[in-house]
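Below: the structure, in structure tokens.
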Amino acid sequence: MKITRQKHAKKHLGFFRNHFGVREPYQVLLDGTFCQAALRGRIQLREQLPRYLMAEAQLCTTRCVLKELETLGKDLYGAKLIAQKCQIRNCSHFKNAVNGSECLLSMIENGNPHHYFVASQDQNLSMKVKKKPGVPLMFIIQNTIVLDKPSPKTVAFVKAVESGQFVSVHEKQSIKQLKEEQGLVKNPEQRRRKKRRKVSGPNPLSCLKKKKKTQDAKPSASEKKRKRKRIRNRSTSKVISEKQNTDG
């Protein structure tokens with residue numbers, strides 16, 4: 001039974017890997033209901049989840065899920081301890097927290113660019129996740145972890161992409177990488193480097209001009225002598241004219 005479950009999981013993982021770019025380490029977002037089911041079934045998620053997926057897996061959650069478990073009180077204290085050991089992924093609800101299911105749905109918007117798995121026992125949340133193509137869904141049944149098969153919405157989306165009607169997020173990213181490798185699109189890092197190169201020190205020509213102005217402003221020694229001589233000649237001529245007037 002365990003071998004067949006792993007075969008199905010391997011098949012489903014290959015589907016998500018090939019069509020949506022899901023890659024290791026797998027990031028699994030847990031909500032409070034999944035943590036509570038793991039506690040009741042005595043499932044060691046940190047050990048059994050990577051073994052089931054046959055790859056490295058990161059257990060993740062959000063601050064909204066933790067806050068929701070805190071408000072629910074002592075009944076979910078064990079689930080809160082499990083969630084607190086998970087890695088925290090930043091959501092957009094910094095000021096006003098929302099319920100856990102709404103928060104997890106916001107984490108997989110816009111084509112699930114971070115390739116999150118969603119692990120939940122909430123039926124309403126599971127139905128909403130299945131309507132979003134490319135999101136792997138996990139749950140616990142009979143004390144065992146199960147990776148759900150791709151939803152009809154996901155399969156229909158893949159068929160539409162193959163027929164040329166849509167372009168998946170994974171294909172957009174791969175096209176962008178090819179353009180950057182061929183030099184058709186410049187990386188933002190290169191643009192930043194070019195902007196930094198434009199910043200330079202003072203222009204040396206402007207410094208030279210300032211020096212010339214200071215030199216031109218200073219009168220030479222010969223000009224000083226000429227001015228002094230002219231002043232003396234004028235004074236002697238005045239004295240001679242005054243004497244002539246007095247003699248006359």
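Classify the stretch 1-133: rounded, prolate or oblate, from the alpha-carbon gyration tensor (a ≥ b ≥ c, eigenvalue square roots; a/c under 1.5 rounded; otherwise prolate if a/b is larger than b/c)? The shape class here is oblate.
The stretch between residue 88 and residue 141 holds 16.5 nm of extra length on full extension. This uses 0.36 nm per residue minus the Cα-Cα distance. Considering only 21, 52, 33, and ranking their Cα positions along the charge dipole of the stretch 1-56 that arises from unit charges at the beta-carbon of Lys, Arg, Asp and Glu, the one farthest toward the positive end is 52.
Using a simple charge model, +1 on the beta-carbon of Lys and Arg, -1 on the beta-carbon of Asp and Glu, nothing else, what dipole does the stretch 70-171 show about its Cα centre, in debye to the nearest 20?
So the magnitude is around 60 debye.
The residues neighbouring residue 156, those whose beta-carbon lies less than 13 Å from its own, together hold a net charge of +4 under the Lys/Arg +1, Asp/Glu -1 convention. Hey, which of these cross-link pairs are over 28 Å Cα-Cα: 95/153; 10/74; 74/149; 7/130? The answer is 95/153; 10/74; 74/149. Think of each Lys and Arg Cβ as +1 and each Asp and Glu Cβ as -1; about the Cα centre, that makes the dipole of the stretch 6-97 roughly 180 debye.
No lab work stands behind these numbers, since they all come straight from the coordinates. Remember, predicted model here, so these are calculated numbers, not experimental data. Quick reminder, even Gly has a Cβ in these numbers, built from the backbone with ideal geometry, and neighbours come from all protein chains shown.
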